[in-house]
Amino acid sequence: MEKQSNFDQKLISQYESIEARIQKIIRHADRRCRKARIGKIPASPEQHRLMGGIRILKQIRLRALLVGKSNRPKTKRIQRLIKRYTRYKGQMHFRNITDIDTELSN
């Protein structure tokens, strides 16, 4: 029985030393290593075009929903988005919100 508890103590001490080394490595990495910046990840042109189309359609939908409200997206903002995503060839004028929703779901 004493061998078993001695063996368990050795495993526990090894585990604790490994855990201490891992914590030391993590602290060193936090202090010394450069942080990964998220958001500037390059995307494919196809993905850029699709995401731009979705953003433009969402702004058009929001503009249709907020008629008469002060926080309604301005036409200039939508035009800037279209200029930014020059590959957007989608429809710009819709009769109602359901048409916009069907276009977004496609």
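The values are calculated or read from the model by the stated rules, or taken from the named source; none is laboratory data. None of the values given here were measured: they were computed from a predicted structure. A quick note on method: Cβ atoms are made from the backbone with ideal geometry, for glycine too, and the neighbour counts reach across all protein chains shown. Remember, those area values only see protein heavy atoms, side chains included, never the ligands or the DNA or RNA. Shrake-Rupley method; radii C 1.70, N 1.55, O 1.52, S 1.80 Å.
Some observations on this one:
- Checking Asp101 against (1) in contact with a Leu (Cβ under 7 Å, 6 or more places away or on another chain); (2) in contact (Cβ under 8 Å) with a residue 12 or more places away in the chain, the condition it does not meet: (1)
- Members of segment 50-68 found to be open to solvent by 30 Å² or more (accessible area, probe 1.4 Å), hydrophobic (A, V, I, L, M, F, W, C), assigned to a helix (DSSP H, G or I) and free of Cβ contacts under 8 Å to residues at least 40 places away in the same chain, listed by number: Leu50, Met51, Leu62, Ala64, Leu65
- Top-ranked residue of segment 69-94 - restricted to ones that are at pLDDT below 80 and out of contact with any helix residue (DSSP H, G or I) (no Cβ under 8 Å at 6 or more places or on another chain), ranked as least open to solvent (accessible area, probe 1.4 Å): Thr86
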